[in-house]
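Below is one structure, written out as C-alpha cells, with a few remarks after it.
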Amino acid sequence: MSTATPSAVTSEWLFPPGSATRRVIGDPAALVGGISALFLQALHPRAMAGVEQHSSFPADFWPRLQRTAGYVTTLAFADLATAEKAIARVRAIHRRVHGVDPVTGLAYSADDPELLRWVHVSEVSSFAAAVRRLGLVDQDEEDRFLAEQVRAGELLGATDLPADRVAVEAYFAAVRPELVASPVARRAAARLLLAPLPWRLALLTPARPAWTVVAAVAVGLLPDWAKQLYGFPRLPGADAATTAGLATVRAALLTFRRATGRPEPPR
C-alpha cells in the first residue's frame, strides 16, 4: 500500500486534467452521491459520534455540507499547493475531535486511520455509484477513480484503502458487523431527509419538495444492506425510480449551472 505524504507528491496537481477523479467529481450526479454517503457514514457508531458531539445540527447543517463539498472539489480541481492547505486544515480539525461513543462505549478519534478509512470508502464509493448509475463511467474508469482516490485518503491519514470495486465490496463485507442504525444514526438520517430550511424558503419556494427528491434519490442509491439496516422499505420499481430521479436532478443541476453562468469544472 502506498504511503504518500503531501511533501512526497511533486505533481502540479493532486489529480491532473484527464483524471478519472475530475470526470467523476465534476459531474453533478456526484453531488447526490455525496448526500447518499452521509446516510451511509452515519451507520458507523464511532465515526458518527464525532459528528454528533462536535458539530451543531441543524444550525451547522448547510455550512457543513458546503465545507465538505468545497473540500472534495478543492482536492479534485485545485493546484497541489491549495489542495495541501485544505488537507492540513482538515487534519488540524481532526486532531481536536475525540471522545467516547455512547452507542458502543468505545473511545473514538477523528484521526483514527480505521475511521478515516470508513469515511473515505463510503464517500468515494457513493460518488462513483451515482455517476455509474447513469452510465457516465464504465467499470474500468470507476476502478481508476477509486485507485486515484487512495492518494486523497492517505494524505488525510487513512490506511489500507481499497483501490477497486471488488476491494470496496470486500471492505464493506468486513466492516458490516460494526454498523448499526443506532438512535444517533437515525437522527442524522432524519436531519438529511428533513433538512432545515428558513421558513420563507420552505414556504415560498420549491426548495422543500426539491430537497425531498434529492434525499429520496440519495437513499435509493444506498447499498441494499444499508437500506435494510435503516429499515427503509423495498418497494416495487424503486431502482427505476431512483435512476429516473437521479437523471432529473442531474439535468436540473446542469441547467442551473448554465443559467448562472458557472463554468464547467476543468477536466
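The values are calculated or read from the model by the stated rules, or taken from the named source; none is laboratory data. Just so you know, these numbers come straight off a predicted model, no measurement behind them. All Cβ positions, even for glycine, are placed from backbone atoms using ideal geometry, and neighbour counts span all protein chains on display. Remember, those area values only see protein heavy atoms, side chains included, never the ligands or the DNA or RNA. Shrake-Rupley method; radii C 1.70, N 1.55, O 1.52, S 1.80 Å.
Mean separation of Cα pairs under 8 Å and 6 or more residues apart, divided by the residue count, gives the chain a relative contact order of 30 percent.
So, for the chain, what is the accessible surface per residue at a probe of 1.4 Å, expressed in square angstrom?
Heavy-atom SASA per residue in the chain reads 49 Å².
The peptide list 86-95, 18-27, put in order of mean Cβ contacts within 10 Å with the highest first, becomes 18-27, 86-95. Computed from the C-beta positions of V175 and T260, the FRET efficiency with R₀ = 41 Å rounds to 0.55.
Each peptide in 42-53, 169-180 was scored by the mean count of other Cβ atoms within 10 Å over its residues; highest first, the order is 42-53, 169-180. With the highest mean first, a sort of the peptides 244-253, 28-37 on other beta-carbon atoms found within 10 angstrom per residue produces 28-37, 244-253.
Spin-label model, T73/T248: points 7 Å from Cα along the beta carbon direction are separated by 2.4 nm.
Excluding E178 itself, what net charge comes from residues whose Cβ is under 10 Å from its Cβ, given Lys and Arg +1 and Asp and Glu -1?
+1
Of the heavy-atom accessible surface of segment 195-267 (probe 1.4 angstrom), what whole percent is carbon and sulfur? Ligands and nucleic acids excluded, carbon and sulfur give 68 percent. Of the residues I35, I25, T68, the one whose Cα sits farthest toward the positive end of the charge dipole of segment 14-69, with +1 on the Cβ of Lys and Arg and -1 on the Cβ of Asp and Glu, is I25. Comparing Cα centroids, segment 170-247 and segment 65-144 end up 19 angstrom apart.
Is there a quick way to get the dipole size of the chain? I mean about its Cα centre, with the Cβ of Lys and Arg at +1 and of Asp and Glu at -1; what is the value in debye to the nearest 20? Please list the in-between numbers first.
Numbers: 29 positive and 25 negative charges, 223 e Å.
Rounded to the nearest 20 debye, it is 1080 debye.
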